[in-house]
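A short worksheet on the structure shown next.
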Amino acid sequence: QRSRRLLEILLPKEGPPPSGTELPPNSLLGDCYRVVRSIGRGGMGVAYEVERTTDGRRLAAKVLGSNPDRTALGRFAREAQLMARLKHPNLISIVDVDVTESGVLFLVMELITGTTLKLCRDQYGELRFVLPVLRQIADGLAAIHAAGIVHRDLKPANVLIAASST
């Protein structure tokens, strides 16, 4: 049923595609993800901390922003498909990809508690900090490239530093 809904929103048809909306805390995303809070915004949408209602596990959900065109929907679905294939300790794992009843596409991934590399700018000169980070970025990129994927948006704001690493 999920695959059918996903295909229905990606296939060309009349009218505008469904748009993402702001999700208030405690609202339900899909069938089993309760929104805890908004944790970030990017070019494609909004990220939320969510709790899976079946087991209480805390995860992150990326929801497409408002008024995505068919190209954006396709790119988002492709990103989810590619990321779901990758398994590496320096890459975020995809847990689920789904479409809400109203046609809003979202992906669910592991939740990383910490900060971004961009916010660690004051530590860039410290070799004890920067060398392990650069090594992990290179290892993650090597895994991505080995899968035939080119990362098109690598920047300090998109590199997460886990709290245990800081």
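The values are calculated or read from the model by the stated rules, or taken from the named source; none is laboratory data. Being a predicted model, the structure only gives us computed values, none of them experimental. Methodologically, a virtual Cβ is constructed for each residue, glycine included, from the backbone with ideal geometry; neighbour enumeration extends over all protein chains shown. The accessibility values were calculated without ligands, DNA or RNA, using every heavy atom of the protein model including side chains. Shrake-Rupley method; radii C 1.70, N 1.55, O 1.52, S 1.80 Å.
Worth a mention:
- Accessible-area order (highest first, 1.4 angstrom probe) of the listed residues Leu91, Leu119, Leu29: Leu119, Leu91, Leu29
- Qualifying trypsin sites (Lys or Arg not before Pro) for the stretch 61-166 [loop in DSSP, other Cβ within 10 Å: at most 12]: Lys87, Arg152
- Here's how it looks for Ser93: its modeled amide H is under 5 Å from those of Glu110, which are all 5 or more places away or on a different chain.
- Solvent exposure of the chain, expressed per residue, is 61 Å² of accessible area, with all protein chains present and a 1.4 angstrom probe.
- Net charge dipole size for the chain [Lys, Arg +1 and Asp, Glu -1 on Cβ; Debye, nearest 20]: 300
- Among Leu59, Leu127, Leu134, Leu86, the sequence by solvent-accessible area, most first, with a 1.4 Å probe is Leu127, Leu134, Leu86, Leu59.
- Here the contact order of the stretch 16-121, divided by its residue count and restricted to Cα pairs under 8 Å and six or more residues apart, works out to 25 percent.
- Solvent-accessible surface (1.4 angstrom probe) belonging to His145, in square angstrom, nearest 10: 100
- Euclidean distance between Cα centres, the stretch 129-158 to the stretch 50-116, Å: 19
- If you model the stretch 90-146 as an ellipsoid using its alpha carbon gyration tensor, with each semi-axis the square root of five times an eigenvalue, the axes come out at 31, 15, 8 Å, biggest first.
- 3J(HN,Hα) along the stretch 138-144: 4, 4, x, 5, 4, 5, 5 Hz, from the Karplus curve 6.51 cos²θ - 1.76 cosθ + 1.60 with θ = phi - 60°, whole Hz, x for Gly and Pro.
- Heavy-atom accessible surface of the chain: percent carbon and sulfur, 1.4 Å: 54
- Put Thr53, Thr113 in order of accessible area, highest first, and with a 1.4 Å probe you get Thr113, Thr53.
- Calculated FRET efficiency for the pair Ala163/Tyr124, C-beta based, R₀ 22 Å, to 0.05: 0.70
- Structure-derived percent of Cα pairs over 30 Å apart - corresponding label in [x] 51; [y] 20; [z] 24: [y]
- Residues whose placed amide H lies under 5 Å from that of Val159, excluding near-sequence neighbours: Leu117, Lys118
- The region of the chain that goes longest without hitting one of the GluC sites (Glu not before Pro) in a DSSP loop, each with at most 14 other Cβ atoms within 10 Å, is 23-100.
- Measuring only protein heavy atoms, the 1.4 Å probe finds Cys120 accessible over about 10 Å².
- Share antiparallel - DSSP beta bridges, the chain, percent rounded to 5: 100
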